[in-house]
Amino acid sequence: MGNLREKTNSFRNFILIFLLLILLLGLGTTGYLYFNNFHLPFNTGKDKINPIAVKKDEPVNILLMGVDIGTPGSTAKNDPKRTDTIILLNYNPKINELNMVSIPRDTLIEISGKRRKINESHAIGGVAYLIDAVQKLLDVQVNYYGKVDYAGFRKIIDTLGGVEMKIGSNMDYDDDSQDLHIHFKKGDVVKLDGEKAEEFFRWRKNNDGTGLSDGDLGRIENQHEFISKVVDKFKSPAIITKIPSILSTVPNYIETNMSVEEMIKLGTTFGKLDKSSIKASTLKGDTDYIDGISYFIYDQNKNVQLLSKLNAKTEMVSNNNIIKRENIKVQVLNGTVKQGLAAKYAESIAKKGYSNTTTGNGQKCKKSKVTVYGMQPEAEKIIKNEFGIDNIEIMPTNEQNFDIIVLLGEDYK
């Protein structure tokens, strides 16, 4: 049962991201051309959660949620539904990075003084309760939300006209309990419609036990390959004729408080990101039983670096501890014949908080370089942005008297 649940959640996580990606890419690709000609029937939901305005250069947080079917057999409109999937989509414009953070649905929280799992929030108080729970848990401000109906996946693929894929492995799997039957032959080029695309995504092993040697990692590679094909479709001129159908279909499966203008803006931005700027992670913590109920216990100390990213504090992290800029020892060396260059540069970074700086002369060089000691690799983007130098080297340990050494070359102006 546990493996089945894990497989289902993994698939639904992907569907959640996929549907939002399709929506944002579609709007980002067509821009105001279709916005001005088509009135998109986005469902803002009964909760009527007002969006939080995003200030310039501040992070954008979008809470994505996929709800379960509720009470089996119930047809009531207000049947309480738990969130099967919770993902915080965080975009930091300062370093042009997109973080997708999965929040385990069994995460322990409190609602009205009682222990609850975070996936119960939506069933108890709707979108507002879940947003409040995530904001308190991660100390972030949620700007927008998106609630997804997974049934839209097949429809969207069909609306796209299917996606052509070359099958990389023999796929032969049957699960009568899920009415799931996957049969593809290695080497065949198949045009996957919505139903077949879902089968392709869900496959991991065959009836005889053979399949992907690396399990879910291999399945993720298949999914990424499929996404790249979808992105290629959006870049093709042929997509223009399909956009109206796509944009009129997607809103039927997504409830959101985002305006079409904001979707266009974010879609355009996300579409320009390279793969290295898109990060996926899951909150860290431990599983424990309390009064016989299993909970995921979120550990703030294990998520220091992630929290720093989410709050756009862009702090440097060493040994899982945040280092304040004023405590970072910086040495600036002048590798040119220009007088006063190091002192002038030191003044410029002092304005950004790097006040613990010394200057001197260094070996003559043509290209400027920054060497960072004992910090996490993620520090590279922060340094590039704040120090204005692209040539960065991250050293795993600090054997110097300084945390950062800047050597200014002839290219520095």
Within the set of pairs 6+ apart or on separate chains, which have a first residue in the range 267-286 that is acidic (Asp, Glu), a second that is exposed (fewer than 13 other Cβ atoms within 10 Å of the Cβ) and outside any helix (DSSP H, G or I), and C-beta atoms under 9 Å apart?
-> ASP286/ASP299
Hey, does the range 103-124 have a residue that's in a strand (DSSP E or B), modelled with pLDDT of 75 or more, within 23 Å of GLY267 (Cα to Cα) and in contact with a Lys or Arg (Cβ under 6 Å, 6 or more places away or on another chain)?
-> no
Of all residues in the range 130-151, how many are without any contact (Cβ under 8 Å) to a residue 60 or more places away in the chain and surrounded by fewer than 18 Cβ atoms within 10 Å (Cβ to Cβ)?
-> 3
Answer with yes or no whether LYS265 is at pLDDT below 80, exposed (fewer than 13 other Cβ atoms within 10 Å of the Cβ) and of a type in the set (Lys, Arg).
-> no
Yes or no: VAL337 touching a helix residue (DSSP H, G or I) at 6+ places or on another chain (Cβ under 9 Å) and not in a helix (DSSP H, G or I)?
-> no
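Does any residue of the range 188-195 turn out to be assigned by TED's automatic domain parsing to the domain that holds PHE296, surrounded by fewer than 20 Cβ atoms within 10 Å (Cβ to Cβ) and farther than 21 Å from VAL67 by Cα?
no
Per-residue answers, yes or no, for (1) touching a Pro at 6+ places or on another chain (Cβ under 8 Å); (2) outside the structural domain of ASN334 (by TED's automatic domain parsing); (3) not charged (D, E, K, R):
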residue	(1), (2), (3)
ILE349	no, no, yes
THR357	no, no, yes
LYS366	no, no, no
GLY374	yes, no, yes
GLU378	no, no, no
GLN400	no, no, yes
Run LEU283 past the list (1) under 30 Å from GLY162 (Cβ atoms); (2) crowded, with 20+ Cβ neighbours inside 10 Å and report the number of the one that doesn't hold.
-> (1)
Kindly check whether there is at least one residue in the range 81-92 that is surrounded by 16 or more Cβ atoms within 10 Å (Cβ to Cβ), touching a residue at least 40 places away in the same chain (Cβ under 8 Å) and in a helix (DSSP H, G or I).
-> no
Restricting attention to the range 257-303, the residues that are assigned to a strand (DSSP E or B) and within 24 Å of ASP106 (Cα to Cα) number exactly 16
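The values are calculated or read from the model by the stated rules, or taken from the named source; none is laboratory data. Bear in mind that the values here come from a model prediction, so they are computed numbers and not experimental data. Ideal geometry is used to build each Cβ from the backbone, glycine not excepted, and the neighbour counts take in all protein chains shown.
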